[in-house]
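Input: a single structure, listed below in structure tokens.
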Amino acid sequence: MTSPSSGNVADILSVAEKQSIRNVDRMLPSQPVMRKLFQGGDAAFHGALESLLLSVFPTSQVEEKWSLELKPGVSYASLGSDVGTLHFYQFLIRMGGIKRVLELGTYVGVSTLYLAEAVGIDGMVTTVELGEEFFAIAGRNFRHNRMDQRIRPLLGDAAGVLRDLADRGAVFDMVLIDAAKEEYAAMLAPALQCLAPGGLLLADDIFMNGDALNESPATDKGRGVRLLLEKVRLLPADHERVILPIGNGALLVRKPR
């Protein structure tokens with residue numbers, strides 16, 4: 001049998017592997033069968049994977065792209081969306097011609113900056129943050145990066161603000177839920193109500209650091225995610241939906257036209 005290093009793709013898998021490999025064995029690039037040709041050790045794999053994933057972007061760190069103020073003692077990477085996910089959001093916005101975005105969970109405003117850049121000068125991102133310190137930091141980041149004209153920041157509880165927007169008939173092309181995981185399920189209906197026909201709902205942190213994978217989640221956040229997923233499963237078939245294993249897991253739901 002030709003060795004995998006010969007470049008013969010048909011021979012990458014052994015006869016036994018071809019007969020036994022299941023879908024669950026090939027879901028992530030870190031799984032043994034998916035990294036079979038990687039020549040480095042375990043310690044080198046994730047660094048090499050990150051390097052490859054970031055290789056197509058003009059900048060590989062958010063700090064290279066934006067002038068940022070962070071909360072003292074807290075790194076951006078510890079709580080913020082990863083660079084690949086942020087570019088994925090931009091890809092969706094530009095591909096769909098999206099101009100009206102509602103973001104629930106601002107943090108320090110980095111994801112908001114990426115969203116605002118993608119909607120363009122004639123677009124608008126409405127972003128909601130409960131924490132007063134994060135709200136203030138985000139506002140300064142918007143102004144420092146000259147994106148404040150495309151961003152409407154709101155201070156308040158994400159679920160409550162979302163219900164108010166839905167009651168007032170607000171319409172968005174995209175709703176990004178990244179706050180109050182405990183209330184994810186309760187936010188589904190008003191989020192869909194706010195979406196224009198054909199609009200896109202995204203929910204971040206669907207894996208909830210592994211808790212949502214547990215048969216019985218250990219945290220309120222994990223339980224909130226699981227309740228959301230059950231509600232999404234029961235949506236009519238014309239609501240397209242998919243979960244992608246990027247970052248901490250991303251759920252996408254497309255409202256029918």
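The values are calculated or read from the model by the stated rules, or taken from the named source; none is laboratory data. These figures come from a predicted structure and were not determined experimentally. Heads up, the Cβs are rebuilt from the backbone with ideal geometry, glycines too, and the neighbour counts pull from every protein chain shown.
Among the residues that make up segment 53-62, is at least one of them crowded, with 19+ Cβ neighbours inside 10 Å, out of contact with any strand residue (DSSP E or B) (no Cβ under 7 Å at 6 or more places or on another chain) and in a helix (DSSP H, G or I)?
So far as segment 53-62 goes, yes, one or more of its residues are crowded, with 19+ Cβ neighbours inside 10 Å, out of contact with any strand residue (DSSP E or B) (no Cβ under 7 Å at 6 or more places or on another chain) and in a helix (DSSP H, G or I).
Kindly evaluate Val242 against the criterion of being under 24 Å from Asp157 (Cβ atoms), in contact with a strand residue (DSSP E or B) (Cβ under 9 Å, 6 or more places away or on another chain) and part of a strand (DSSP E or B).
Details: under 24 Å from Asp157 (Cβ atoms): no; in contact with a strand residue (DSSP E or B) (Cβ under 9 Å, 6 or more places away or on another chain): yes; part of a strand (DSSP E or B): yes.
No: the conditions fail for Val242.
Going by the conditions given, is Leu192 at pLDDT 95 or above, aliphatic (A, V, I, L, M) and touching a His at 6+ places or on another chain (Cβ under 9 Å)? Show your work before the answer.
Working: at pLDDT 95 or above: yes; aliphatic (A, V, I, L, M): yes; touching a His at 6+ places or on another chain (Cβ under 9 Å): yes.
When the stated conditions are applied, Leu192 passes them.
Determine whether Glu182 is under 17 Å from Gly105 (Cβ atoms), out of contact with any His (no Cβ under 9 Å at 6 or more places or on another chain) and surrounded by fewer than 18 Cβ atoms within 10 Å (Cβ to Cβ).
The answer is yes for Glu182.
Quick check, is Tyr107 in contact with a helix residue (DSSP H, G or I) (Cβ under 6 Å, 6 or more places away or on another chain) and at positive phi?
When the stated conditions are applied, Tyr107 passes them.
Please work out if Gly105 is assigned by TED's automatic domain parsing to the domain that holds Leu176, touching a Lys or Arg at 6+ places or on another chain (Cβ under 9 Å) and at pLDDT 95 or above.
no
Restricting to segment 119-137, give me the number of residues that are crowded, with 24+ Cβ neighbours inside 10 Å and under 17 Å from Leu86 (Cα atoms). Spell out the reasoning first.
Here is the first cut: in segment 119-137, the ones crowded, with 24+ Cβ neighbours inside 10 Å are 125, 127-129.
So of that shortlist, the ones also under 17 Å from Leu86 (Cα atoms) come out as 125, 127.
Final tally of qualifying residues: 2.
From the list Arg26, Arg35, which one is surrounded by 12 or more Cβ atoms within 10 Å (Cβ to Cβ), among the basic types (Lys, Arg), modelled with pLDDT under 95 and closer than 23 Å to Val83 by Cα? Give the derivation first.
Working: Arg26 fails: closer than 23 Å to Val83 by Cα.
That would be Arg35, the only listed residue that is surrounded by 12 or more Cβ atoms within 10 Å (Cβ to Cβ), among the basic types (Lys, Arg), modelled with pLDDT under 95 and closer than 23 Å to Val83 by Cα.
I'd like to check something: does segment 170-187 contain any residue that is at positive phi and at pLDDT below 95?
Yes: segment 170-187 contains one or more residues that are at positive phi and at pLDDT below 95.
Find the residue count for segment 228-242, including only residues that are of a type in the set (Val, Ile, Thr) and surrounded by 15 or more Cβ atoms within 10 Å (Cβ to Cβ).
Total satisfying the criteria: 1.
Working carefully through the options Phe134, Phe91, Phe45, Phe142, find the one that is outside the structural domain of Arg163 (by TED's automatic domain parsing) and aromatic (Phe, Trp, Tyr).
Answer to the selection: Phe45.
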